[in-house]
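To keep things clear, I will list the structure first and then write my remarks on it.
What follows is calculated from the coordinates using simple rules that are stated; it is not laboratory data. Every value quoted in this text rests on a predicted model; they were computed, and no experiment measured them. Don't worry about glycine lacking a Cβ; one is built from the backbone with ideal geometry, like all the others, and counts go over all protein chains shown.
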Amino acid sequence: MNTVEAIDADELRDLYRELILDHARKPRHFGKLESATHAAQGINPLCGDKLHLYLQLENDVIRDASFEGSGCAISVASASLLTDTVIGMKTDDAIHWFDQVTDRLTNESANSDFDIGKLQALEGVREFPSRVKCATLAWHALHSAIEQRSTPASTE
Amino acid sequence: MSQVQPFTTNALLDVSGDFPVLDQEVHGRPLVYLDSAASAQQPAAVIDTVAAYHRNDHANVHRGVHTLSERATEAYEGARDKIQAFINANSRREIVLTSGTTESINLVAQSYCRPQLKPGNKVLITQLEHHSNFVPWQLVCEQTGADLLIAPIDRRGQLDLERLQELMTEDVFLLAVGHVSNALGTVNPIQDIVGWAKQRDIKVLVDGAQGVPHMAIDVADIGCDFYAFSGHKMFGPTGTGVLYGREALLDDMPPWQGGGDMILEVRLDGTVFNDLPYKFEAGTPNISGVIGLGAAIDYLNAIGMDRIAAHEHVLLEYMMGKLSDVDGVRLIGTAESKTSVQSFMLGDIHPHDLGTILDHQGVAIRTGHHCAMPVMDFFEIPGTARASLAIYNSSDDVDRLIAAVEKARHIFA
């Protein structure tokens, strides 16, 4: 049996925060939404991450949201946090959140005036360029679903 | 040349010092490179040969009467001769230089198969194939109305050889099969497979991208019609590849692309094509890359392919044993005959999370579907973590891998 080294890499801990691991293990709003009015698929060809995002829109308000699919801890946690966040939100606000969140996950010097709440837990991906797409995939799918695009969203 | 250690009783080589890129730290730890099946590193002998060519000899080949052009041509064509000898082809006319395995296979699909395939004909491949030995056949079958048959695999990641033989009916025009699976490391019994195909007069293309770096290849012995491989998986530069083809078949095939160098005479009313192999080499080739590939072959020959195979065999056994001792590890690909590659899963941790954690400890592995989605579909997994070995790896590298996997298990516990 090998001795397990102490977890000394802060960056790794920063990426795999407890909140992320919790949402990855127990994703919220997971499954198909029967009452969905809008849906989109997100595909990350590099990883093979694939998810379906479902929205129930009523008068431009997201009444309900869910997702299903398979992916890494980061993409599943991100989708789970997304659904938690956008339920009850106006679509215009959700698009604003899309802009803010994708900016914060990709841009070191992003404006942090806007409070992205629990989604701050995903900011660790900035140090992992190959994983940024995992974290933004669900958000791209959200954008597509609201705009009702017919082709799958891709992070490419 | 290389500072190869004497052949030791435990059969392990010690040549990592020949590879400058390995001498570095990644995230504060010495780099352990276990992704050679994706692309192998280059020894100083290759890097220096390419640099010296650029410094001293560069010019276009087959064109000039001046000294540099003659030197470049001699070095480039010299590499072709080395390749011919390395795989024991009958003639240098059978060595077509390409950009890689992918182009080699597409060349056969489009120049050999497309003009001859008719609706109702069949092309036979297997579920073990890399996308580059999958998609070109899907395309040519769509273009011609031919049917694509896919031979199945078993739970160990081996071809179902009985089923494969049953699928080899008279209306199969060509069988395209990998020598070694890139995702699982399975070594197919290629001579038997070619033998069965020949009995039924089926042409055979072998995707040798993962075969050539790990074992001595003798195309005459294998008996196949085409054998495709890449330079960068055998310690040469990227953008180089080879299509070996039987001369009689290549002779009858139309050109792959049109352009300079592939012609004897161009007139307003038509063109006379060049001889083999130049008929298939339109445009200025990857001169420095091919010369570098020649240096890689010299390097491999100096060590000896049998010693390389022995080294990798010992190390693979060690790695498989160590990995299966880790709690929660499931090995994917446990064929009886394997080389240099082990795919695995760790509990329900997604391979990409595993890859990131390992990278953070300086251990480079490949994660994902390995351009073999049909294999992943068979095992009903999105992808695997894949550690692949080469001549420069050691048992210490395997120990570092295991420690890193243990750490990932700990983080996700």
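A compact table of results
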{"read-out": "Residue with peak Gaussian network fluctuation, chain B [Cα springs, cutoff 10 Å], from B:E317, B:E380, B:E70", "value": "B:E380"}
{"read-out": "Residue (of B:P285, B:F273, A:Q148) at the positive-pole extreme of the protein assembly as shown, dipole from beta-carbon charges", "value": "B:F273"}
{"read-out": "Those residues of the range B:17-49 whose amide nitrogen sits under 18 Å from the label point placed on B:A403, 7 Å along Cα→Cβ", "value": "B:23-34"}
{"read-out": "Size of charge dipole - the range A:29-154 - debye, nearest 20, with Cβ of Lys, Arg +1 and Asp, Glu -1, no other charges", "value": "440 debye"}
{"read-out": "Least to most buried among B:H370, A:H96, A:H29, B:H131 (fewest other Cβ within 10 Å first)", "value": "A:H96, B:H131, A:H29, B:H370"}
{"read-out": "log10 of Debye I(q)/I(0), alpha-carbon scatterers only, for the range B:33-89 at 0.15, 0.23 Å⁻¹", "value": "-0.60, -0.96"}
{"read-out": "Where labels lie 7 Å past Cα in the beta-carbon direction, separation of B:Q191 and B:A38 in nm", "value": "3.5 nm"}
{"read-out": "Selected from A:E68, A:E34, A:E123 as most flexible by GNM, with chain A as the system and alpha-carbon contacts under 10 Å", "value": "A:E34"}
{"read-out": "Chain lengthening between B:S324 and B:N301 when straightened (0.36 nm per residue, less Cα-Cα)", "value": "4.9 nm"}
{"read-out": "Among B:N393, B:N133, B:N56: highest mean-square fluctuation, GNM of chain B, C-alpha pairs under 10 Å", "value": "B:N56"}
{"read-out": "Ellipticity estimate at 222 nm from DSSP helix runs (n ≥ 4, -39,500 (n - 2.57)) divided over chain A, nearest 500", "value": "-12000 deg cm²/dmol"}
{"read-out": "Pairs beyond 18 Å (Cα-Cα), from B:K122/B:K198; B:K118/B:K279; B:K82/B:K338; A:K32/A:K90", "value": "B:K118/B:K279; B:K82/B:K338; A:K32/A:K90"}
{"read-out": "Cα-based Rg / Dmax (Å) for the protein assembly as shown", "value": "26.1, 77"}
{"read-out": "Gyration tensor over alpha-carbon atoms, the range A:1-129, equivalent ellipsoid semi-axes in Å", "value": "28, 19, 12"}
{"read-out": "Alpha-carbon centroid distance for the pair the range B:10-32 / the range B:346-413, whole angstrom", "value": "18 Å"}
{"read-out": "Dimensions in Å of the range B:48-301 - Rg and Dmax from alpha carbons", "value": "18.5, 59"}
{"read-out": "Antiparallel bridges, percent of DSSP beta bridges restricted to the protein assembly as shown (to nearest 5)", "value": "70 percent"}
{"read-out": "P(r) tail fraction, the range B:16-145 - alpha-carbon pairs more than 20 Å apart, %", "value": "67 percent"}
{"read-out": "Cut-off 14 Å between beta-carbons: net charge of the residues surrounding B:R114, Lys and Arg +1, Asp and Glu -1", "value": "0"}
{"read-out": "Counting DSSP beta bridges with both ends in chain B, the antiparallel % (nearest 5)", "value": "60 percent"}
{"read-out": "Per-pair calculated FRET efficiency, R0 = 51 Å: B:S91 and A:K26 via Cβ, rounded to 0.05", "value": "0.20"}
{"read-out": "Separation of the B:A52 and B:E170 label points, Cα + 7 Å toward Cβ, nm", "value": "5.8 nm"}
{"read-out": "Projected area averaged over orientations for the range B:293-370, convex hull of C-alpha atoms, nm²", "value": "6.8 nm²"}
{"read-out": "Residues B:R63 and B:R114, FRET efficiency given R0 of 41 Å [Cβ-Cβ distance, rounded to 0.05]", "value": "0.85"}
{"read-out": "Cβ-derived FRET efficiency at R0 41 Å, B:L161 paired with A:E58, nearest 0.05", "value": "0.10"}
{"read-out": "Separation between Cα centres of the range B:229-300 and the range B:113-159, rounded to whole Å", "value": "25 Å"}
